[in-house]
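Asks: Have a look at this one before I ask anything.
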Amino acid sequence: SVSQEKIGNVLLAQGDLASALGAYRQSLGVAERLAAADSSNAGWQRDLSVSQEKIGNVLLAQGDLASALGAYRQSLGVAERLAAADSSNAGWQRDLSVSQEKIGNVLLAQGDLAGALGAYRQSLGVRERLAAADPSNAGWQRDLASAHYFIGIVLQEQGRLADALDSYRKYQVGMERLAAADPSNAGWQRDLASAHYFIGIVLQEQGRLADALDS
């Protein structure tokens, strides 16, 4: 299963989506058999979730949103069971939040704004708990900021500009802390710039042109 997954990773990097999907599906077949044979083996259950997520990623890249959503929901189902079985396992909690975010991304692409917002808010709830439990974990803090960003996108699409602005400003605050803590991290600096940009867009839509220009 791992060998098939690694082959899929290379094929995906080469841009051969159809072959990558085939390799991931072969990996999934093995993962399904292992997970069914021993439902108490958390490692095999997680492998099953990861296989479904990778299949969803390829389907999304192919533009097959409905099938991608189905794969992500299967991945989410496993992630939910693992997270419920051990709420103290931060890795499984993060897996859960990632699955929820990916479902939100597909729903957003499908134009289901209410569904996307619900998925993103579920992801936010998990990430708030992780970030609060370990404020020194930059990864958790980055995940939390990202959740506010995606919620802001949906709220802006819904025309809820004041709420969108609030979410983008939470995104900005999170990225300011990270960027200040590690000025050499170019990705975080770029994310901080992105936060200012999206705040500016909303302010412009509100007619607050001087504030928009400042952002």
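The values are calculated or read from the model by the stated rules, or taken from the named source; none is laboratory data. Worth saying up front: this structure is predicted, and the values here are computed from it rather than measured. As a convention, Cβ positions derive from the backbone with ideal geometry for all residues, glycine included, and neighbour counts pool all protein chains shown. Surface accessibility is based on the protein's heavy atoms, side chains included, excluding ligands, DNA and RNA. Shrake-Rupley method; radii C 1.70, N 1.55, O 1.52, S 1.80 Å.
Asks: Provide the per residue accessible area, probe 1.4 Å, for the chain, rounded to a whole number of square angstrom. The partial results should precede the final answer.
Replies: Values: 10520 Å² over 215 residues.
Roughly 49 Å² per residue, with all protein chains present.
Asks: Find which of Gly56, Gln93, Ile153 sits farthest along the positive direction of the dipole of the stretch 56-215, computed with +1 on the beta-carbon of Lys and Arg, -1 on that of Asp and Glu, about the Cα centre.
Replies: Toward the positive end, the furthest listed residue is Gln93.
Asks: While we're on this one: Can you work out ³J(HN,Hα) from phi for every residue in the stretch 105-112, in order, using Karplus 6.51 cos²θ - 1.76 cosθ + 1.60 and θ = phi - 60°, giving whole Hz and x for Gly and Pro?
Replies: The phi angles translate into 4, 5, 4, 4, 5, 7, x, 8 Hz.
Asks: Measure nothing but the geometry: give the 0 to 90° angle between the long axis through the Cα atoms of 42-61 and the longest principal axis through the Cα atoms of the chain, rounded to 10°.
Replies: Roughly 60 degrees, rounded to the nearest 10.
Asks: So if I place +1 on the C-beta of Lys and Arg and -1 on the C-beta of Asp and Glu, and nothing else carries charge, what would the dipole magnitude of the chain be about its Cα centre? I want it in debye, nearest 20.
Replies: 180
Asks: In Å and whole numbers, how far do the C-alpha atoms of the chain stretch along each principal axis, longest first?
Replies: Principal extents (Cα only, largest first): 61, 36, 34 Å.
Asks: Right, another one. As a test question: what accessible area, to the nearest 10 Å², does Asp86 have when a 1.4 Å probe is rolled over all protein chains in place?
Replies: Answer for Asp86: close to 50 Å² accessible.
Asks: Which whole-number percent gives the relative contact order of the chain, counting Cα pairs below 8 Å spaced six or more residues apart? Don't skip to the answer; put the middle values down first.
Replies: Numbers: 274 pairs, mean separation 21.7, N = 215.
Normalised by residue count, the contact order of the chain is 10 percent.
Asks: Measure off, as a whole percent, the carbon and sulfur share of the 1.4 Å-probe accessible area of the chain, all protein chains present.
Replies: Carbon and sulfur atoms account for 51 percent of the accessible area of the chain.
Asks: May I ask you to list the lysines whose Cα is less than 20 Å away from that of Lys102, ignoring any residue fewer than eight positions away on the same chain?
Replies: Answer for Lys102, where 20 Å is the Cα cut-off: Lys54, listed by chain and number.
Asks: Calculate how steeply helix 186-205 sits against the longest principal axis of the alpha-carbon atoms of the chain, using the helix alpha-carbon long axis, and give the answer as 0 to 90 degrees to the nearest 10.
Replies: Long axis of 186-205 versus the principal axis of the chain: about 60 degrees.
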